[in-house]
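First comes the structure, then the notes that go with it.
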DNA sequence: CACAATTACGAGGGTCGTAAAAATG
DNA sequence: CATTTTTACGACCCTCGTAATTGTG
């Protein structure tokens, strides 16, 4: 009977062009591969190779077989991926969030309520998060705007208040509050993994030079040691650093309310979580 | 590694619903199948079955896997068929003809010229023959009309003259010639495997009752022993039967010229045959 | 003479079948 | 108690690797 192994070997041969090279790539002795390809021809009842004394090449049949085999191996891999993803989807809760702070709150909640599930969290901008929710990548999302729709359940989750973190000597440190317009033009330290905040910064502070930092630890260390402004928020546990002055930002956009969104068809699955959400927003204020 | 064998076994199990029945159908012991399905789960790294003490059923993953496996097995069979058909097409000359008589001439010619090829001949009506030529089913066709086209080579091949074969006592036996109109209304013996002649008979002789015969031998025997008119032609080797009067049919449609048509891209392949065709028509008159 | 493919042959791993165990209706 | 699945165990087949052969550039 024809087997996938043989098709894989055929494809490797097609790529490598000689049996010996293919055998090496397949971690197989060359005679073994030679025999296997003979068996393939036997199974198909079709000659696939043109054999000369010390050279073997694909004939027209073989070339067609390679074409077909490529498609099949691709489909098989697809099947495997699909099944695994489907299985995984039943053991994991995929959370998509447009900001990091709500994740710090929601992750412990869900892992306590559903200890048998694996949590998988992703940060991204608004559009990507909503896309992921609609195509099923995320079963729970956190957005900065309420989501309407027949099939969704949308709860207020929490608020976040963006603040400037400044070295005491900085001119802005004397203000009670600032707005983006006043702030624009500085050189700032910015942590890059912040979901929708990133695009917001780029839009609201077009003249600011951001020094990006991709790891949170490095970012926190730099904030401590560099005399540069950076952002923090009331939800950030690191916002009470020494030697920094904290100044709230006035703009509405800097003080978002986050919403937790779940598909109605998951209502039963997330029953306990939804019960908790009803009181959560009030509770955390 | 995942193998097709396992997918086939999975599909059989899905159909039979118990391992024992599936094992029986697969000509395999039931423990072997049980192990094989365990290995499949291992290869996929996904649980496919819900196991109770004396019952095993597909879970959701398993159902999805069955769906995918069906598609894959179908594609694989398709690949095999395609490759075999392609191989076969290079070792066979497929002839389509709208009438049997030209086949009796062309078949020996081709098999002598191309002894390394297998001949495969089909009779059908005009439309089907031309369809088959265009979609590549036939590489050589015989038609009753010349075929025009940039990509085709069309040669006159031979003529055929349809005749009535009558018992001597039949009223029409005294005629030198007859036409369809005169003939219509009789009861006739008709051999059914005659390509375009069949439709022609139905159109030209709407009031004739045909007694159809599907095997040539039986037909010839019946013609000998029954006092019924039938058709024969100058190309039919059996047309000189005893106790029958032969009367030509006048109508143009009863005296067709047959054409042999080949695709220009096969010009090289059929070089020898084409050379022969140039003189063939004149030669056979 | 290096390299490529095939053939021959013995070793080892994987799959098979039988037998036994466990559980169910 | 018949039926179903799983586990245990020994047998066997198939594929593997090594070695040898043949042929080419």
| Does residue A:58 meet the test of being surrounded by fewer than 20 Cβ atoms within 10 Å (Cβ to Cβ) and either more than 16 Å from DNA strand D (Cβ to nearest atom) or under 30 Å from residue A:266 (Cα atoms) (or both)? | yes
| remark: Checked B:80, B:93 against criteria (touching a strand residue (DSSP E or B) at 6+ places or on another chain (Cβ under 7 Å) and surrounded by 14 or more Cβ atoms within 10 Å (Cβ to Cβ)); the one match is B:93
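For (1) at pLDDT 95 or above; (2) in a loop (DSSP other than H, G, I, E, B); (3) not assigned by TED's automatic domain parsing to the domain that holds residue B:125, each residue gets a yes or a no:
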site	(1), (2), (3)
B:198	yes, no, yes
B:220	no, no, yes
B:236	no, yes, yes
B:239	no, yes, yes
B:242	no, yes, yes
B:246	no, no, yes
B:269	no, yes, no
B:272	no, no, no
B:283	no, no, yes
| task | Check A:182, A:118, A:107 and return the single one that is free of Cβ contacts under 8 Å to residues at least 24 places away in the same chain, surrounded by fewer than 19 Cβ atoms within 10 Å (Cβ to Cβ) and under 19 Å from the mean Cα position of the chain (by Cα). | result | A:107
| query | Quick one: which of A:150, A:112, A:116 is away from chain B (no Cβ under 14 Å), over 30 Å from residue B:80 (Cα atoms) and part of a helix (DSSP H, G or I)? | reply | A:112
| request: Go over the candidates A:115, A:102, A:108 one by one and state the one that is more than 16 Å from DNA strand D (Cβ to nearest atom) and touching a strand residue (DSSP E or B) at 6+ places or on another chain (Cβ under 7 Å). | output: A:102
| query | For region B:30-39, does any single residue satisfy the condition of being within 11 Å of DNA strand D (Cβ to nearest atom), within 13 Å of another protein chain (Cβ to nearest Cβ) and surrounded by fewer than 18 Cβ atoms within 10 Å (Cβ to Cβ)? | reply | no
| note | Going through (1) facing another protein chain (nearest Cβ under 9 Å); (2) more than 44 Å from the chain's Cα centre (by Cα) one by one, residue A:42 fails only at (1)
| said: For region B:14-24, give me each residue that is touching a residue at least 12 places away in the same chain (Cβ under 8 Å) and more than 9 Å from DNA strand D (Cβ to nearest atom). | reply: B:14
| said: Checking residue B:48 against (1) farther than 20 Å from residue A:72 by Cβ; (2) at the interface with chain A (Cβ under 9 Å from one of its Cβ atoms); (3) without any contact (Cβ under 8 Å) to a residue 24 or more places away in the chain, only one condition comes out false. Which one? | reply: (3)
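One residue is enough: does region A:158-178 have a residue meeting the conditions over 30 Å from residue A:228 (Cα atoms) and surrounded by fewer than 17 Cβ atoms within 10 Å (Cβ to Cβ)? Step through it out loud before you land on a result.
Restricting attention to region A:158-178, the residues satisfying the condition of being over 30 Å from residue A:228 (Cα atoms) are none.
Among the residues of region A:158-178, not one is over 30 Å from residue A:228 (Cα atoms) and surrounded by fewer than 17 Cβ atoms within 10 Å (Cβ to Cβ), which makes the answer no.
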| request: Considering each residue of region A:1-36, count those that are on the phi > 0 side of the Ramachandran plot and near DNA strand C (Cβ under 8 Å from one of its atoms), and give that number. | output: 1
| message | Could you go through region A:62-72 and let me know if any residue there is surrounded by fewer than 17 Cβ atoms within 10 Å (Cβ to Cβ), free of Cβ contacts under 8 Å to residues at least 40 places away in the same chain and within 12 Å of DNA strand C (Cβ to nearest atom). | response | no
| said: Here is a list: A:7, A:11, A:27. Which entry is touching a residue at least 40 places away in the same chain (Cβ under 8 Å) and more than 12 Å from chain B (Cβ to nearest Cβ)? | reply: A:11
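The values are calculated or read from the model by the stated rules, or taken from the named source; none is laboratory data. If you're wondering where the values come from, they're calculated on a predicted model, not measured in any experiment. Every residue, glycine among them, receives a Cβ derived from its backbone with ideal geometry; neighbour counts consider all protein chains shown.
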